[in-house]
1. By how many nm would the segment from GLU240 to PHE153 lengthen if fully extended, with 0.36 nm per residue of separation less the alpha-carbon distance?
2. Structure shown: which of LYS72/LYS308; LYS115/LYS284; LYS229/LYS284; LYS284/LYS334 lie over 28 Å apart, alpha-carbon to alpha-carbon?
3. Name the residues of region 344-379 whose amide N is less than 19 Å from a point 7 angstrom out from the Cα of ASP190 along the C-beta direction?
4. Work out how much length ALA9 to LYS179 would gain on full extension: take 0.36 nm times their residue separation and subtract the Cα-Cα distance, in nm to one decimal.
5. Using the alpha-carbon centroid of each, what span in Å lies between region 6-40 and region 98-115?
6. Taking the alpha-carbon centroid of each part, what is the distance from region 188-215 to region 294-318 in angstrom?
7. For region 293-402, give the share of DSSP beta bridges that are antiparallel, in percent and rounded to the nearest 5; count only bridges with both residues there.
8. Pull up all non-local amide H partners of MET257: gap of 5 or more, or a different chain, and H-to-H distance under 5 Å with H placed in the peptide plane.
Amino acid sequence: MEKSAAMFANARIPYGTWGSSFFPAWQMSALAEVNIGQFAGEAMNRIMGLRKVPIDVLEYLIIGSTIPWHWKFWTAPLVASCMDHRIPGYHMEQACATGLQAVILAAAEIQAGSKEVVGVLTFDRTSDSPVGVFPERRAHRRTEVLADVWDNFGFDPATGRAMIGCAGLAARKYKTDRKEVDELAFYRYDQYFKAKDSGFLDRVLVPLDVLNVQGRFLGRIDSDAGVRKLTLEGLRAMPELDTCVTGGTQTHASDGMATLLVTTKEKARELSPRPDIDIQFVGKIDIRTDPSLMPEAPALAVQQLLEKTGLTMADMTVVKNHNPFAVNDVIFAKVLDYDWHRMNETGCPLVWGHPQGPTLTRVIIEAFEEAVSLGGGYVLIFGCAAGDVGIAAIFKVADGGK
């Protein structure tokens with residue numbers, strides 16, 4: 001098959017016009033005390049200032065989050081006002097795929113000619129997520145009390161399974177080996193700390209001040225608080241919560257935001273500090289697998305995407321994913337016949353956490369930075385969402401300076 005042309009021929013992501021907060025674990029920072037929409041808007045303004053992008057070039061805003069927050073009804077216009085720039089936009093969500101889908105939707109706006117510069121801003125706060133009581137008149141109780149984000153982790157209304165049960169079921173289907181799963185998790189932690197110690201993450205993560213609604217300083221977010229070094233012996237000693245799943249081989253709930261721009265080819269050259277770097281959209285696909293087999297869904301999505309584009313895993317320069325369970329990566333390696341040591345070179349959500357909305361956005365930013373450091377090439381991004389959904393996308397990074 002002939003290799004695919006760009007999916008959105010005129011859409012580009014200007015290199016360097018992006019950034020992410022650190023992702024502190026649940027309840028471990030001042031983010032637990034603020035409106036996350038307000039924080040995200042102010043943080044985007046700060047990041048664009050550091051990247052020397054005038055905020056008034058933004059024409060539209062696509063925001064993505066999965067956990068309710070106060071004033072969410074007002075969505076993107078409110079968040080844009082928090083960055084001191086009154087522009088329209090909208091809110092979207094698709095569970096843990098939100099961070100990638102928001103970028104794809106922004107590219108569609110550019111390709112349609114609707115806008116020239118679209119901001120993508122994704123965020124979530126798992127800390128102190130709200131509790132809701134929902135009317136359900138078909139039920140004998142007439143109301144269903146749904147607590148917070150933890151209920152979503154613990155119960156899929158279509159199957160009755162918890163997320164951890166999906167991981168265990170997939171592990172049994174693929175006959176995954178506990179020893180390999182522990183070794184993979186240990187390797188992922190090592191990758192993260194090597195990237196941190198090398199200074200790589202400083203190109204992606206931005207320390208940010210946290211203010212309350214009155215503008216009073218509450219604290220500074222300057223680390224992925226909660227990430228700790230693990231030993232292989234310690235991982236092997238952890239009890240199984242389900243097949244091949246332990247406290248050390250699954251991610252943790254966290255808070256954070258991430259942002260980037262999508263624009264035209266011409267405008268990207270103007271906004272980027274490296275106009276010689278060209279980042280194109282190549283292809284994207286979503287699939288559903290059988291119920292409660294979420295960890296296999298990303299691998300199946302990648303299979304279909306490679307077939308659709310005519311590319312192979314050997315064509316990929318950077319491979320990076322959202323992996324709530326180490327089992328995800330083991331299954332991916334089996335299905336694609338790919339060495340999992342070659343994935344997630346600069347860290348991944350298994351280690352630095354899972355605030356849902358911005359998770360894949362941070363993955364994308366890290367992947368682009370890695371691709372540029374390697375001289376460009378194809379970048380494969382993929383992940384799972386909501387019980388049995390897989391998403392995958394390929395980008396092409398061309399570095400004209402090398």
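Bear in mind these aren't lab numbers, they're just calculated from the coordinates by the rules spelled out. Keep in mind that this is a model prediction, so the values were computed, not measured. Heads up, the Cβs are rebuilt from the backbone with ideal geometry, glycines too, and the neighbour counts pull from every protein chain shown.
1. Values: separation 87, 0.36 × 87 = 31.32 nm, distance 1.75 nm.
That pair, GLU240 and PHE153, stretches by 29.6 nm at full extension.
2. Pairs exceeding the cut-off: LYS72/LYS308; LYS229/LYS284.
3. Only 344-352 fall inside the zone, counting backbone N under 19 Å.
4. Stretched fully, the ALA9-LYS179 segment lengthens by 56.7 nm.
5. Result: 16 Å between the Cα centres.
6. Each part's Cα centre sits 29 Å from the other's.
7. Looking only at bridges with both residues in region 293-402, the antiparallel portion is about 65 percent.
8. Answer set, sorted by chain and number: SER21.
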